Amino acid sequence: MAYHLHEGDLPAGLFEGTAAVAIDSETMGLRLGRDRLCLVQISAGDGDAHMVRLSQDAYDAPNLKALLTNPKVLKIFHFGRFDIAMFLHHLGVVTTPVYCTKIASKLARTYTDCHGLKDVVRELVGVEVSKAQQSSDWGAAVLTPDQLAYAASDVLFLHQVRDKLDLMLAREGRTALAQACFDFLPSRAALDLAGWEETDIFAHT
Ligand code: MN
């Protein structure tokens, strides 16, 4: 496993011809309108992670934006709703097409309430990922090796998780339902940004 840190943007053409990339991001917090986007981690599922550091108010990252909007590259997230909203807000792009391993897990693994990345990776891949650096300062001038290793670990196993969940979804007859949820996800993220974050617009009340 290796990780590569890029300042400001991805190198051009890095994921050309890749069918699916795993993506996660680190931010200054969980509040969409308040907290800035600091780091975007991407893996092709080959054990390597590429991380793009975005400095404050410098979100001109054309290669990253081209990847997020490339219709030929599936973007795999775990709880993509948040990352996709962050990318829409800060980068001004609608990320598509997408897959969310948390949604897939909720639809396939109905025998448990444990759908966090750590639980899903442990059960489906057999690897322990650490969440110790989750709440660290991602806006720091220099990121520590522990931070970078943690950030990388959030994208290294999503391809394997997706393969396992796809089998379970097919077995349970929920592949099409999951796909419909993934297709709706960019709109769900846009609703969050537009003020419906706490509201279930499908609810009766
Ligand atoms: Mn993360």
For segment 138-163 versus segment 1-31, the gap between their alpha-carbon centres in whole angstrom:
10 Å
For the residue pair Val94 and His4, what label-to-label distance in nm results when each label sits 7 Å from Cα along the Cα-to-beta-carbon direction?
3.1 nm
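So for the chain, averaging the separation of alpha carbon pairs under 8 Å that are six or more residues apart and normalising by length, what relative contact order in percent results? Intermediate results must be reported in sequence, preceding the final value.
Numbers: 339 pairs, mean separation 48.9, N = 205.
Value for the chain: 24 percent.
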Pair His115, Ser55: separation of 7 Å Cα→Cβ label points (nm)
3.9 nm
Heavy-atom accessible area of the chain with neighbours in place, 1.4 angstrom probe: carbon+sulfur share in percent works out to 54 percent
Whose amide H sits under 5 Å from the amide H of Ala20, counting only residues 5 or more places off or on another chain, with H placed in the peptide plane?
Leu74
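Using DSSP to define loop residues, name the trypsin sites (Lys or Arg not before Pro) in segment 26-62 whose beta-carbon has at most 14 other beta-carbon atoms within 10 Å. Write out the running numbers ahead of the final one.
Details: sites: Arg31, Arg34, Arg36, Arg53; in loops: Arg31, Arg34, Arg36.
Those satisfying the criteria are Arg31, Arg34.
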Starting from the 7 Å offset along Cα-to-Cβ, what nm value, one decimal, do you get for the label separation of Lys106 and Leu177?
1.3 nm
Could you report the accessible area of Val98 in Å², rounded to 10, computed with a 1.4 Å probe on the protein chains as they sit in the structure?
10 Å²
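Ignoring everything except DSSP H segments at least 4 long, calculate the 222 nm mean residue ellipticity for the chain; use -39,500 (n - 2.57) per segment, divide by total residues, nearest 500.
Details: 7 runs with 79 residues, N = 205.
That comes out to -12000 deg cm²/dmol.
The values are calculated or read from the model by the stated rules, or taken from the named source; none is laboratory data. Every value quoted in this text rests on a predicted model; they were computed, and no experiment measured them. Positions of Cβ are backbone-derived with ideal geometry, glycine not excepted, and every protein chain shown enters the neighbour counts. These accessible areas exclude ligands, DNA and RNA; they are computed on the full protein's heavy atoms, side chains included. Shrake-Rupley method; radii C 1.70, N 1.55, O 1.52, S 1.80 Å.
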